[in-house]
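Some notes on the structure that comes next.
The values are calculated or read from the model by the stated rules, or taken from the named source; none is laboratory data. Just so you know, these numbers come straight off a predicted model, no measurement behind them. All Cβ positions, even for glycine, are placed from backbone atoms using ideal geometry, and neighbour counts span all protein chains on display.
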Amino acid sequence: DAKTTQPTSMDCAEGRAANLPCNHSTISGNEYVYWYRQIHSQGPQYIIHGLKNNETNEMASLIITEDRKSSTLILPHATLRDTAVYYCIVGMDSSYKLIFGSGTRLLVRP
Amino acid sequence: EPEVTQTPSHQVTQMGQEVILRCVPISNHLYFYWYRQILGQKVEFLVSFYNNEISEKSEIFDDQFSVERPDGSNFTLKIRSTKLEDSAMYFCASSEGGQNQPQHFGDGTRLSIL
């Protein structure tokens, strides 16, 4: 089972920041937090990952709390094309497989 | 930017027939994966492959399934005798390996069993 808890759905207005939370209270010290998204039935798209420091790339920012029990993915200026299911994934075993939960369905409104 | 490519995008097959799904992973990646997603359900791990052998497989990956890396570039998933319940999107992914290396996914093959 997935080791994360995410809201089922969220929405935000186009042009505004979208803040997607994730709880991972059982995270281990060496486990990374990964975020992926899936637009319609396309393949999951990698967004960002981090261990303990906040991370930023061209797509998003990742804020990880100091105790690492939760994180927030921030899309700074959401567009209609950001409407997707967003998955927060924690932990990989020796084969590095990903365990997907149900994710958060983000709807960006015009 | 390099990407994972999958062919065909859609495969329609009669029940009981064999099907081969093909993937070309990113060229310098060492770990290869297959996942599937039945319509409306979660993405599920099937198998991981490293150093020319299966490193892990899920309960879904029974004797009807096999994987192969027949040459230096392709990675294939074979379903020997398809069942109706094999209808799903099948995604291939690859990574350099390691906790700090993301997996990159292809756009999938939609498999429809009639």
Inset, instruction - Working only within the stretch A:87-97, note down all residues that are farther than 12 Å from A:T4 by Cα and either at pLDDT 95 or above or within 16 Å of the chain's Cα centre (by Cα) (or both). - result: A:M92
Legend entry - Single residue of A:I89, A:I74, A:I63 found to be under 30 Å from B:V47 (Cα atoms) and either more than 11 Å from chain B (Cβ to nearest Cβ) or hydrophobic (A, V, I, L, M, F, W, C) (or both): A:I89
Legend entry - Counted residues, the stretch B:1-44 - those being among the hydrophobic types (A, V, I, L, M, F, W, C) and touching a Phe, Trp or Tyr at 6+ places or on another chain (Cβ under 8 Å): 8
Inset, instruction - Would you mention how many residues in the stretch B:73-107 are away from chain A (no Cβ under 14 Å) and over 18 Å from B:R22 (Cβ atoms)? - result: 4
Legend entry - Hits in the stretch A:32-44 - residues which are out of contact with any His (no Cβ under 8 Å at 6 or more places or on another chain) and either more than 7 Å from chain B (Cβ to nearest Cβ) or of a type in the set (G, A, S) (or both): A:Y36, A:R37, A:Q38, A:I39, A:H40, A:S41, A:G43
Legend entry - Members of the stretch A:1-45 found to be under 16 Å from the mean Cα position of the chain (by Cα) and polar (S, T, N, Q), listed by number: A:T4, A:T5, A:Q6, A:T8, A:S9, A:N19, A:N23, A:S25, A:Q38, A:Q45
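Could you check chain A for strands (runs of 3 or more DSSP E) lying wholly inside it with 2 or more residues that are out of contact with any Pro (no Cβ under 8 Å at 6 or more places or on another chain), surrounded by 19 or more Cβ atoms within 10 Å (Cβ to Cβ) and of a type in the set (V, I, T)?
A:45-50, A:84-90
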Inset, instruction - Kindly list the number of the only condition in (1) surrounded by fewer than 18 Cβ atoms within 10 Å (Cβ to Cβ); (2) over 12 Å from the mean Cα position of the chain (by Cα) that fails for B:V24. - result: (2)
Inset, instruction - Could you identify the single residue in B:R110, B:R69, B:R36 that is away from chain A (no Cβ under 12 Å) and either in contact with a Ser or Thr (Cβ under 9 Å, 6 or more places away or on another chain) or closer than 15 Å to A:L98 by Cα (or both)? - result: B:R69
Legend entry - Scan of the stretch B:62-100 for residues that are without any contact (Cβ under 8 Å) to a residue 24 or more places away in the chain and either in a loop (DSSP other than H, G, I, E, B) or touching a helix residue (DSSP H, G or I) at 6+ places or on another chain (Cβ under 8 Å) (or both), ordered by number: B:D62, B:D63, B:Q64, B:P70, B:D71, B:G72, B:G98, B:Q99, B:N100
